[in-house]
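Read through the structure below, which is laid out as structure tokens, and then see the notes.
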Amino acid sequence: MEDVQREAPRSPAAEALAEAAAETLITVDSPASMQELGRRIAGLLRPGDLVLLTGELGAGKTTLTRGLGEGLGVRGAVTSPTFVIARVHPSLGDGPPLVHVDAYRLGGGLDEMEDLDLDVSLPDSVVVVEWGDGKVEELSDDRLHVVIGRAVGHEEVLDDVREVALRGVGARWEQAGPELARLAPA
Ligand SMILES: Nc1ncnc2c1ncn2[C@@H]1O[C@H](COP(=O)(O)OP(=O)(O)OP(=O)(O)O)[C@@H](O)[C@H]1O
Ligand SMILES: [Mg+2]
């Protein structure tokens, strides 16, 4: 299994990001380990953080968000928001709420997002957006981009394998860069 993962070609999304600024690449091999990664990322998140999740249908964006919700200790199961564009999960403790947005049908981007009338202060929340690329970047200069790609090649072997690229944009993530890097296995 080890060898297969090391030799697998990168997904196109990971390849594109590899050209960009410093990033952390992590391979996960099951939904459970994707969720665990979400829990670990949650440990770095603070109120006001914006996380953008990129990846094809079924890549594992919602699965990762489920882990984020667990790590943040919020109420309610994180599911695909099929009929709503955004769902607010309040903290069970004194942490920030998780605002989980599925921007797939959010044609107009930011304006519509503001129109959602979420009854929550975004600067006090952790905002996680699926399908948000090109739509919600204006919400914050500081963003954590998470790009999930399927490992390509030996599909029957690698069906559950995903490559996750983490790239922090902005001053907030420049400072937290080393913490992001520590999420990768040594
Ligand atoms: N390593 C993995 N990480 C995450 N999900 C995986 C993995 N391996 C298999 N899966 C499966 O892939 C599916 C991922 O579904 P999920 O809803 O998280 O994707 P998504 O990216 O949110 O899709 P959508 O674009 O439809 O919102 C689940 O059925 C999950 O069990
Ligand atoms: Mg989803």
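Backbone amide hydrogens, once placed in the peptide plane, bring VAL161 within less than 5 Å of ALA151, excluding anything fewer than 5 places away on its chain. Segment THR79..LEU116, full-extension length gain: 11.5 nm, with 0.36 nm per residue of separation and the alpha-carbon distance subtracted. The orientation-averaged shadow of the Cα convex hull for the stretch 36-76, equal to a quarter of the hull surface, comes to 3.1 nm².
Its relative contact order, with pairs defined as Cα atoms under 8 Å and 6+ residues apart, puts the stretch 28-148 at 35 percent. Extension gain, LEU183 to LEU25, is 56.0 nm, computed as 0.36 nm per intervening residue step minus the present C-alpha separation. When each of VAL161, VAL129 is scored by the number of other beta-carbon atoms lying within 10 Å, the sequence from fewest to most is VAL161, VAL129.
A short reminder: the numbers here are calculations on the coordinates, not readings from a lab. Worth saying up front: this structure is predicted, and the values here are computed from it rather than measured. Ideal geometry is used to build each Cβ from the backbone, glycine not excepted, and the neighbour counts take in all protein chains shown.
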